[in-house]
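Below you'll find the structure, written out as structure tokens, and then a few comments.
Each value in this text was obtained by applying a stated rule to the coordinates, not by laboratory testing. Because the structure is a prediction, the values reported are computed rather than measured. Note: ideal-geometry Cβ built from the backbone for every residue, glycine included; neighbour counts use all protein chains shown.
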């Protein structure tokens, strides 16, 4: 990895990390959703700083280019984050459905009580 | 108060809903609950004018969720039995009492009006027929009893099955053959009763366009995971 790429990767990772912390601080992002993003950010920083680790991982999983391995892990993380979102959307859908049902029942009761 | 209610989910059924309600009134004198699933037409007004109690969902939730709303309401109001029907008038109200008789006598928790047990001359399209036969076979082999019409929306329920239909375990997107399998797994009994069905006055079916493919996929997946569940 060239020194230039290293610096860019560290900057991106660090920015992501700080930005997520800031979002949580301003209550724009709930803690429960932040952990996967924080792992993604810190992984980028760690692997950029500790190049040997990236090479070791690459060799271990049979990767040829360490930078491709970095992308590969990035993709895995994104997949996990998307899956996490789908799970959340599913439970939100159920909650919205239940709320709408309760609301309609409650409203019909109230209207007829008048 | 009557001990049973008629539950009718309705989405854009103006022009049909009033006739359906009047038709039911000719056969039974009980509370008719219409769940308006976010209709954009005059469904609510027509149903109210026809004398039904209308529950209005704030937005469109889909057939199963609207139906479930009816069961939640029925349980909340303390009805002991409920009969669910379609809003478009394809279900003959003359069969309400025969269906109800099955759950009242305690011989079953759910009585399903089947269009394929000799009565009437319901003719589904070829594609629909293939789907129905496919899921009938699956449901029959898993539940160990003959299922001829798993897609029927003409059903009578007792309190026990109403509680299941109102629970989070009930599949609210396309309740169908998978519900029968869930009932069976929960130890509830269902029975099919022959009913006559009028061809729907509505041109557009609930399952049209790309929906049949998704429906096929959803039903196979739903049945598969139901079998994987322990409860």
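Structure data summary
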| read-out | value |
| --- | --- |
| Modelled FRET efficiency - R0 51 Å, residue B:228 with residue B:25, Cβ distances, 0.05 increments | 0.70 |
| Most fluctuating residue given options A:40, A:56, A:93, as computed from a GNM of chain A linking Cα atoms under 10 Å | A:93 |
| Gaussian network model of chain B, springs between alpha carbon atoms under 10 Å - residue of B:148, B:125, B:20 with greatest fluctuation | B:125 |
| Interatomic Cα distance distribution for the stretch B:1-58, bins of 5 angstrom, percent | 4, 23, 34, 23, 11, 5, 0 |
| Theoretical gain in end-to-end length, residue B:105 to residue B:214 [0.36 nm per residue, Cα-Cα removed] | 35.4 nm |
| In degrees, nearest ten, helix A:66-113 long axis to first principal axis of chain A (Cα) | 10 degrees |
| Residue-averaged 222 nm ellipticity for chain B, from DSSP H runs of 4+ at -39500 (n - 2.57), nearest 500 | -12500 deg cm²/dmol |
| Spin-label proximity, residue A:10 to the stretch A:29-54 - amide N less than 20 Å from point 7 Å beyond Cα toward beta carbon | A:39-54 |
| Rounded to 10°, Cα long-axis angle of helix A:31-49 versus longest principal axis of chain A | 10 degrees |
| Whole-number percent relative contact order across chain B, with pairs defined as alpha carbons under 8 Å at least 6 apart | 22 percent |
| Nearest-ten-degree value, helix A:51-61 long axis tilted from longest Cα axis of chain A | 80 degrees |
| Sites residue A:21 and residue A:98, calculated FRET efficiency, Cβ-Cβ separation with R0 35 Å, nearest 0.05 | 0.55 |
| Shape call, the stretch A:66-114: gyration tensor on alpha carbons, a/c limit 1.5 | prolate |
| Cα gyration tensor shape for chain B, rounded if a/c is under 1.5, else prolate or oblate | rounded |
| Computed over the protein assembly as shown, the ratio Rg/Rh where both radii use C-alpha atoms and Rh is Kirkwood | 1.14 |
| Inter-label distance for residue A:38 and residue A:82, nm, one decimal - labels placed 7 Å from Cα along Cα-to-Cβ | 2.5 nm |
| Range of Cα positions in the stretch A:1-106 per principal axis (Å), largest first | 64, 32, 15 |
| Estimated FRET transfer efficiency (residue B:75, residue B:133; beta-carbon r; R0 35 Å; 0.05) | 0.55 |
| Three-way shape label, the stretch B:1-98, alpha-carbon gyration tensor, a/c 1.5 | oblate |
| Size-normalised alpha-carbon gyration radius of the stretch A:1-49, reference 2.2 N^0.38 Å | 1.22 |
| Choice from B:97, B:162, B:182 showing the highest fluctuation, given a GNM over chain B with Cα pairs closer than 10 Å | B:97 |
